[in-house]
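Report on one structure; see the data block that follows.
The values are calculated or read from the model by the stated rules, or taken from the named source; none is laboratory data. Note that the structure is a prediction, hence the values are computed from the model and not measured. Virtual Cβ from ideal backbone geometry, glycine too; neighbours counted across all protein chains shown. The protein model used for the area step is the full one, side chains on, heavy atoms only, and it has no ligands, DNA or RNA in it. Shrake-Rupley method; radii C 1.70, N 1.55, O 1.52, S 1.80 Å.
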Amino acid sequence: DSVDMHVKAFLEACDNLGIKKPEHIEKKFRELVGMKFMEIVHDILKNYSDIELMKLRDERRKLLPKYIKEIKIIKPVYDKLLKLKRQGYPLALVTSSSKSFVDLIDKNVFPIYEIFDVVITSDDVSNGKPDPEPFLRAYYKLREKYGDPNNVYVVGDTDYDKIGAENAGFKFIYYKNFASEE
């Protein structure tokens, strides 16, 4: 769970760059987590140019390592991933985060590349969630490695995951209660 880290880095980046934060910006940012960062800031900071928002993106990226300890490993999710991996299921991660962020997490928090056979980041696609593109890209990469699957399930925790997965034609499992094995 990296939401708190993203929120804190975003808010500090706004402060560092003198970006006036609209009322309820944190709540709105949290609601949009799951989309690409640039899509989020275009939505909530409408009065800023693309250049200013790219500077904000870059400033936030520089701050992410500072907040790395905000990331929480959700034990039931981690245990389930390890179990699926041991059972031989091909696993893909589809994230709205950048490759550099995924690498940071892999190095400091969670062994992403050991668990997932395929990792699709925002750098790998033109259109982020809720577009089906990232899910389809993960599917085709898994298919290259393992052949045509009988069943494909997407497990996600946001509406953006659900919309993208279903628009790609995949079965979706909504995983909202991270404390539960259900």
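Between ASN167 and LEU17, what is the FRET efficiency for a Förster distance of 25 Å, r being their Cβ-Cβ separation, to the nearest 0.05?
0.10
Arranged from highest to lowest average of other beta-carbon atoms within 10 Å per residue, in what order do the peptides 24-33, 133-142, 84-93 appear?
Most protected by this proxy first, the peptides run 133-142, 24-33, 84-93.
Based on alpha-carbon positions alone, could you give the equivalent ellipsoid semi-axes of the range 8-78 from the gyration tensor, as √(5λ), descending, whole Å?
So the three semi-axes of the range 8-78 are 23, 14, 11 Å.
Report the net charge of residues surrounding TYR48, where surrounding means a beta-carbon distance below 15 angstrom and charges are Lys +1, Arg +1, Asp -1, Glu -1.
In short, 0.
Stretch LEU91-ILE68 to full length: gain in nm at 0.36 nm per residue minus the Cα-Cα span?
Fully extending the segment from LEU91 to ILE68 adds 5.8 nm.
Taking only Cα atoms of the chain, what ratio of Rg to Rh do you get with Rh as the Kirkwood inverse-distance radius?
Across the chain, the Cα-based Rg/Rh ratio is 0.97.
List residues of the range 130-164, by number, whose backbone nitrogen lies under 15 Å from a label position 7 Å along Cα→C-beta of ASP117.
From the range 130-164, the list is 137-154.
Please list, in chain and number order, the residues 5+ apart from VAL152 or on another chain whose amide H is under 5 Å from its amide H, with Hs placed from the backbone.
Under 5 Å from the amide H of VAL152 lie the amide H atoms of LYS171, each far enough along the sequence or on another chain.
Given the rule -39500 (n - 2.57) for each run of at least 4 DSSP H residues, summed and divided by the residues of the chain, what is its mean residue ellipticity at 222 nm, to the nearest 500 deg cm²/dmol?
Result for the chain: -15500 deg cm²/dmol, rounded to the nearest 500.
Taking only protein heavy atoms and a 1.4 Å probe, what accessible area per residue, in Å², does the range 89-153 have with all protein chains in place?
Each residue of the range 89-153 exposes 55 Å² on average to a 1.4 Å probe.
Using each residue's phi in the range 48-65, evaluate 6.51 cos²θ - 1.76 cosθ + 1.60 at θ = phi - 60° and report the 3J(HN,Hα) Karplus result to the nearest Hz, with x for Gly and Pro.
3J(HN,Hα) across the range 48-65, in whole Hz: 10, 6, 4, 5, 5, 6, 5, 4, 4, 4, 5, 5, 4, 4, 5, 7, 4, x.
For the chain, which whole-number percentage of the solvent-accessible area (1.4 Å probe, protein heavy atoms only) is attributable to carbon and sulfur atoms?
In the chain, the share of accessible area belonging to carbon and sulfur is 50 percent.
In nanometres, what is the gap between the two model label sites at TYR78 and PHE110, each 7 Å from Cα along Cα-to-Cβ?
Calculated label separation equals 1.0 nm.
Taking amide H positions as placed 1.01 Å from N in the peptide plane, with prolines and chain starts having none, which residues 5 or more places from LEU93, or on another chain, fall under 5 Å of its amide H?
Sorted by chain and number, the residues that satisfy this are VAL118, VAL119, ILE120.
Using the Karplus curve 6.51 cos²θ - 1.76 cosθ + 1.60 with θ = phi - 60°, what ³J(HN,Hα) values do you get for each residue of the range 117-124, in whole Hz, with x for Gly and Pro?
Result, ordered by residue: 6, 9, 10, 10, 10, 5, 6, 8 Hz.
With a cut-off of 8 Å between alpha carbons and a minimum separation of six or more residues, what is the relative contact order of the range 1-69 in percent?
Dividing the mean separation by the residue count of the range 1-69 yields 48 percent.
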